[in-house]
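> Before I ask anything, let me first share the structure, which is written out below as structure tokens.
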Amino acid sequence: GGDVKLEITALPNSSTDSRSGYIYVKIGDVQKLAVPVSQDGVSLDVLSSLVDFSATGDSEQKIKVLSNTKWVVESSPEWLTVTPSQGSGTLDVSLKAQENKSMNSRSGTLRISVDGVSLYKDIPVVQRGYDVAMNDISLEYSWEKSSQEVRIDVPGSWKAVTSDDWITLSRYDGNGSGTILVEVSSNDEEEKNIMSA
């Protein structure tokens, strides 16, 4: 007898399931050997549950992509930068959000997928809106016509309305931080009504 080398080649397993089989070696009609052969399936996982950004978008978040094959960032919110946008194997991926100039939070989904296989992971991404600290402001006036300045600290454009016509503003919209004049008319309507009766 002599040594015989068998070269075994497996075709790519483009399934997410692992598979197994045997190589049967026979001498004549007698089976002498059964060699088990197994092959992993395609795998993809992401170590992250929810990515949460502040409104300023100045912080960078990292997620870890765990895979045994090539993967790609299939889709992400337009305000999110993902680096790298594709890779192979296990890699750290950096996420950076643009500044959210709104007072409303925004959310989206980052999808990482394996090409040619229906295998993907969705990661929810949230970015808070700016917290405008105007809820603490309370304006108090005497009964006479008067006005007060109020500072508005808003990163983007804003609009203001008043609940009653006795309150007027120096401007009702703007962009960015600034001051507005809040004026109230004289509160002597009752006195005028008595005099005209």
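> Might you let me know whether the stretch 70-84 holds any residue that is in contact (Cβ under 8 Å) with a residue 40 or more places away in the chain, of a type in the set (D, E) and part of a loop (DSSP other than H, G, I, E, B)?
No, that holds for no residue.
> Which residues, counting only those in the stretch 37-90, are among the aliphatic types (A, V, I, L, M) and closer than 21 Å to S107 by Cα?
If we filter the stretch 37-90 for residues that are among the aliphatic types (A, V, I, L, M), which is where we start, we get 37, 42, 44, 46-47, 50-51, 55, 63, 65-66, 72-73, 80, 82.
Of everything in the stretch 37-90, those that are among the aliphatic types (A, V, I, L, M) and closer than 21 Å to S107 by Cα turn out to be V46, L47, L50, V51, A55, I63, V65, V72, V73, L80, V82.
> Also, quick follow-up: Could you tell me which of the residues D52, D92, D3, D17 is surrounded by 14 or more Cβ atoms within 10 Å (Cβ to Cβ) and either in a strand (DSSP E or B) or over 30 Å from the mean Cα position of the chain (by Cα) (or both)? Spell out the reasoning first.
Working: D92 fails: surrounded by 14 or more Cβ atoms within 10 Å (Cβ to Cβ); D3 fails: surrounded by 14 or more Cβ atoms within 10 Å (Cβ to Cβ); D17 fails: surrounded by 14 or more Cβ atoms within 10 Å (Cβ to Cβ).
Exactly one of D52, D92, D3, D17 is surrounded by 14 or more Cβ atoms within 10 Å (Cβ to Cβ) and either in a strand (DSSP E or B) or over 30 Å from the mean Cα position of the chain (by Cα) (or both), namely D52.
> Of everything in the stretch 147-180, what is open to solvent by 70 Å² or more (accessible area, probe 1.4 Å), outside any loop (DSSP other than H, G, I, E, B) and over 24 Å from A55 (Cα atoms)? Give them in sequence order.
In the first step, residues of the stretch 147-180 are kept if they are open to solvent by 70 Å² or more (accessible area, probe 1.4 Å); the result is 149, 151, 153, 157, 159, 161, 163, 165-166, 170-173, 175.
With the extra rule that they be outside any loop (DSSP other than H, G, I, E, B), the set shrinks to 149, 151, 157, 159, 173, 175.
Residue satisfying the conditions is E149 alone.
> Let me ask something else. Answer yes or no as to whether E144 is modelled with pLDDT under 85, farther than 29 Å from N104 by Cβ and either acidic (D, E) or touching a Phe, Trp or Tyr at 6+ places or on another chain (Cβ under 6 Å) (or both). Steps first, please.
Working: modelled with pLDDT under 85: no; farther than 29 Å from N104 by Cβ: yes; either acidic (D, E) or touching a Phe, Trp or Tyr at 6+ places or on another chain (Cβ under 6 Å) (or both): yes.
Considered against the rule, which asks whether it is modelled with pLDDT under 85, farther than 29 Å from N104 by Cβ and either acidic (D, E) or touching a Phe, Trp or Tyr at 6+ places or on another chain (Cβ under 6 Å) (or both), E144 comes out as no.
> Working carefully through the options V65, V73, V82, V35, find the one that is open to solvent by 40 Å² or more (accessible area, probe 1.4 Å), more than 19 Å from Y130 (Cβ to Cβ) and aliphatic (A, V, I, L, M).
Working: V65 fails: open to solvent by 40 Å² or more (accessible area, probe 1.4 Å); V73 fails: open to solvent by 40 Å² or more (accessible area, probe 1.4 Å); V82 fails: open to solvent by 40 Å² or more (accessible area, probe 1.4 Å).
Of V65, V73, V82, V35, the one residue that is open to solvent by 40 Å² or more (accessible area, probe 1.4 Å), more than 19 Å from Y130 (Cβ to Cβ) and aliphatic (A, V, I, L, M) is V35.
The values are calculated or read from the model by the stated rules, or taken from the named source; none is laboratory data. Small disclaimer: the values here were computed from a predicted structure and weren't measured. Using ideal geometry, Cβ is built from the backbone for each residue, glycine included, and neighbour counts are taken over all protein chains shown. Only protein heavy atoms, including side chains, enter the accessible area calculation; ligands, DNA and RNA are left aside. Shrake-Rupley method; radii C 1.70, N 1.55, O 1.52, S 1.80 Å.
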